[in-house]
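Laboratory data are not the source of any read-out in this text; all were calculated from the coordinates shown. Quantities reported herein were computed from a predicted structural model and do not represent experimental measurements. Because the Cβ atoms are built from the backbone with ideal geometry, glycine has one as well, and the counts that use them run over all protein chains shown.
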Amino acid sequence: MKYIFLIFLLASSIFGFEYKISTKNISNGKTALLEFSKNINIVYESIEILGIKYKIYDNYVLVPISYYETPKQVDIKVNYRDYAKSKSKIITVNVIKGNYKQEKIYVEKSKVKLNKKDKKRAAKEYKAATDIYNTITPKLYINKKFIMPLNSKITSSFGNARVYNGSLNGYHSGTDFRAKVGTPLINSNDGVVVLVQDRFYSGGSVIIDHGHGIYLCYYHMSKFSVKVGDRLKQGDVIGLSGVSGRVTGPHLHFSARVGGIQVDPLQVIDLLNKNILNKKD
């Protein structure tokens, strides 16, 4: 009987539903990592959270939380097949309020109060970028840890509330690095270029698809060294930093989207480097 019991425990460990989550308290604007044990009888398909469905690739999925999400308890519904039978499991997590600061910024009035022409342009550019972010590439291009786009001081962190010319107007959607005009910008990891454009707010912009819904963005550039469709390696120069778009001075704005959601770029990079990409080194 003892041996039968041990065999049963072993079988449960190998074939049962098992998962690991990086945290059950996720700040707004941050990302959690949900990993599943490999089991020969289980195929993990997708998760559903806050009305959005994300496909599970390679037995893991990133769980992005919007900056605008309010603190509350939420359910992650995991959809999977066990011996070809469709099943689901609920994992409960907490969305908590992040500790973000406030910044006062003064820019040209034309960059805050837009005329009709600029509004139309900005809306068109926003929609085009959103269409890109909502496109999920099933292939993961990266196989090594992310690196920073340049070795420089961070001048503004993700999530800081932005007060433009005395009026609260959103939040800082990325991380700013100090960079004088003409500084070479380095591609953080392998991927495919999906946007190269001079845009109203972000100026000279390059967006790179790293697969599995992970996009990194480089803004306010002065020169491009890549074009849409280019397959890049980590360390490739994508262009030069600048002072284009809505800025108060030259710098690189570095941002990230996961599953279409704007998230803290440095936090999600650190999460992937420590938990997924260290297994590939």
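Below, the figures for the structure above:
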read-out	value
Under 5 Å, built H, 5+ apart or other chain: amide partners of S202	R246
Computed E for K101/D75 - FRET, C-beta separation, R0 30 angstrom, nearest 0.05	0.45
Tail beyond 29 Å, pair distance distribution of the chain (Cα, percent)	38
The chain: most fluctuating residue of R121, R246, R178 per GNM, C-alpha cutoff 10 Å	R121
Beta bridge orientation in the chain: antiparallel %, DSSP, nearest 5	90
Entries in K113/K180; K55/K89; K30/K274 that, when Cα-Cα distance is taken, lie over 19 Å	K113/K180
Among N278, S202, G182 the positive-end extreme of the charge dipole of the chain (Cβ point charges)	S202
Size of electric dipole in the chain: Cβ of Lys, Arg +1 and of Asp, Glu -1, about Cα centre, debye, nearest 20	580
Two-site FRET efficiency, E18 against K117, from Cβ-Cβ distance with R₀ of 51 Å, rounded to 0.05	0.35
Per-residue ³J(HN,Hα) for the range 75-85, Karplus 6.51 cos²θ - 1.76 cosθ + 1.60, θ = phi - 60°, Hz, x for Gly and Pro	9, 9, 8, 9, 9, 8, 10, 10, 6, 6, 8
Potential extension, S88-N134 segment - 0.36 nm per residue separation minus Cα distance	14.1 nm
Environment charge at D236 (Cβ cut-off 10 Å; Lys +1, Arg +1, Asp -1, Glu -1)	0
MRE, 222 nm, helices only [DSSP H, n ≥ 4, -39500 (n - 2.57), over the chain, to nearest 500]	-5000 deg cm²/dmol
